[in-house]
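The structure under discussion appears below in the form of structure tokens.
The values are calculated or read from the model by the stated rules, or taken from the named source; none is laboratory data. Everything numeric in this text was worked out from a predicted model, so none of it was measured. Don't worry about glycine lacking a Cβ; one is built from the backbone with ideal geometry, like all the others, and counts go over all protein chains shown.
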Amino acid sequence: MGSHKPGPQYQQHDGNQENITIIVTVCTKGTSTPPTIIFKGKGYQTEWKHDNPANASISCSVKGWTNGAIGIEWIKDFDRHTAVKAKDGCCLLLVDGNNSHYTCGFLEYT
């Protein structure tokens, strides 16, 4: 989200910061599922999962973005958290065009 004013939307920094990816899901009833947080790196410290009030899933990737493997884990989390909400067993999920949403594993699971 950015300002509605025309012109570039940016923030300058000294280059010592790294981005993380957060995948969120908002339900039509105004509820949400726990987010997935993706850090840049080859691994993360297990302590990061402690004191996790949002009950977020934590993952990492080389670039800090989602990928096929993380996408599959995310859809499994989504399914687990929405199964109770979707009492009739049906649930509509709208995703963006990220390629992690269109891998064979992701599509086979859905």
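Observations on the model:
- Any hit, the range 43-62, residues being out of contact with any Phe, Trp or Tyr (no Cβ under 7 Å at 6 or more places or on another chain), at pLDDT 90 or above, closer than 17 Å to Asn99 by Cα and of a type outside the set (A, V, I, L, M, F, W, C): yes
- Pairs linking a residue in the range 27-42 that is without any contact (Cβ under 8 Å) to a residue 24 or more places away in the chain to a residue that is in a strand (DSSP E or B) and hydrophobic (A, V, I, L, M, F, W, C), with Cβ atoms under 6 Å and 6 or more positions apart or on different chains, are Ser32/Val26; Pro35/Ile22; Pro35/Val24; Ile37/Ile22; Ile37/Ile58; Gly41/Cys60.
- Selection over the range 17-58 of residues that are assigned to a strand (DSSP E or B) and farther than 29 Å from Lys87 by Cα gives a count of 4.
- Total residues in the range 59-99, condition closer than 23 Å to Asn19 by Cα and either outside any helix (DSSP H, G or I) or polar (S, T, N, Q) (or both): 14
- Subset of the range 58-75 (residues that are under 14 Å from Thr110 (Cα atoms) and surrounded by fewer than 13 Cβ atoms within 10 Å (Cβ to Cβ)): none
- Exactly one residue out of Thr103, Thr66, Thr82 is closer than 20 Å to Val26 by Cβ, of a type outside the set (Lys, Arg) and over 12 Å from the mean Cα position of the chain (by Cα), and it is Thr82.
- For Asp79, the conditions (1) charged (D, E, K, R); (2) at negative phi; (3) loosely packed, with under 13 Cβ neighbours inside 10 Å all hold with the exception of (3).
- Single residue of the range 1-42 satisfying the filter (of a type in the set (Gly, Ala, Ser) and modelled with pLDDT of 80 or more) that is surrounded by the fewest Cβ atoms within 10 Å (Cβ to Cβ): Gly30
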